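What follows is one structure encoded as structure tokens, with my remarks underneath.
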Amino acid sequence: MSKFAGVKCAACVEVFKDGDDVVVCPDCGTPHHRDCYAQNGGCVHIENHERMEVLERAVLALKKHESHQALRDEEERVKELETPEFMGVSRAELAAFMHIEPHSPEYESKIANPKVVSFNMFAGLLSPFYQFYRGMRFMGLTLMFISLFTLSVPLISFALMIVMLLFNDYVYRWHCIVQIRLCRMLYEGVKPDLGEGEYISFLKASGKPSVFRAVVESVITFVFIVWLVGALGITPFEMQL
């Protein structure tokens, strides 16, 4: 009786007392005096039982539909990731190499719906350091070479900065595609595992940005260009070194 202390019978609305014979509706759990339950022919809420059953069935159907929809959505996401984009490279490979979470805002703007023109302030202001940071060695070397040879022509340096500020992300995406295809050569004859397997881990390691690498390669490239200029006897446009 302790669990029914202070509770009222659903039929006679009297509070249960110690010693009362209490029965509970097996469908909804409503407590009654046994006599009240018998006189009423069952639970006083029997009319609502059918509605409750209908509601429960509707809830189960909704959950089942949501479960199936989630499964279909996941299948679509997997299919989307595995579908080749450019030059046979899939979105999953690009996301791994570029260190971008699938279906994040960055993924949508740089992989799913890339634009030729996009704004990347660091790529413009920190060129060619930023290109070395992203592993774009050829681009970084080219930008530094042109920059050193045009120190006396600020307009050219400014134009290069604007070009990289607007087009670097597009160039970087194509750089990643080429690098991924080179990585595939190491797995020739082996079907890439598009999960968190050895192949995807290798892509993530290969495309990982590095500040240390950017500093070292920037210094080495600068020294190499200065040496090359001296060795070949080239006279830049009033190059100030």
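The values are calculated or read from the model by the stated rules, or taken from the named source; none is laboratory data. Because the structure is a prediction, the values reported are computed rather than measured. Here the Cβ positions follow ideal geometry from the backbone for every residue, glycine too, while neighbour counts run over all protein chains shown. SASA here: full protein model, heavy atoms, side chains in, ligands and nucleic acids out. Shrake-Rupley method; radii C 1.70, N 1.55, O 1.52, S 1.80 Å.
Can you give the net charge of the other residues whose Cβ lies under 13 Å from the Cβ of F16, counting K and R as +1 and D and E as -1?
Charge balance near F16 sits at -1.
Heads up, I need the accessible area for K63: 1.4 angstrom probe, whole protein in place, Å², nearest 10.
Per-residue accessible area (K63): approximately 120 Å².
How much accessible surface area, in Å² rounded to 10, belongs to the heavy atoms of E47 with a 1.4 Å probe?
Its heavy atoms expose roughly 140 Å² to the probe.
Taking 0.36 nm per residue of separation and subtracting the Cα-Cα distance, what length does fully extending V226 through V7 add?
Length gained, V226 through V7: 69.6 nm.
What does the net charge come to around G140 if you take all other residues with beta carbon closer than 15 Å to its beta carbon, with K and R at +1 and D and E at -1?
Net charge around G140: +2.
Testing the spin-label approximation: label points 7 Å from Cα along Cα→Cβ at L186 and F158. State their distance in nm.
Calculated label separation equals 4.4 nm.
Could you pull the accessible area for C25 with a 1.4 Å probe, rounded to 10 Å²?
Using a 1.4 Å probe on the heavy atoms, I get roughly 10 Å².
Taking Cα centroids, how far is segment 196-233 from segment 102-158 in Å?
That distance is 14 Å.
Say each of R213 and V22 gets a label point 7 Å from the Cα, pointing the same way as Cα to Cβ; how far apart are those two points in nm?
Distance between the two pseudo-spin positions: 7.1 nm.
Once phi is turned into θ = phi - 60°, what whole-Hz ³J(HN,Hα) does the Karplus curve with 6.51, -1.76 and 1.60 give for every residue of segment 213-226, x standing for Gly and Pro?
Calculated HN-Hα couplings, in order: 4, 4, 5, 4, 5, 5, 5, 4, 5, 4, 4, 5, 5, 4 Hz.
Determine the shape class of segment 120-170: with a ≥ b ≥ c the square roots of the Cα gyration tensor eigenvalues, call it rounded for a/c under 1.5, and otherwise prolate if a/b is greater than b/c, oblate otherwise.
It comes out oblate by the Cα gyration axes.
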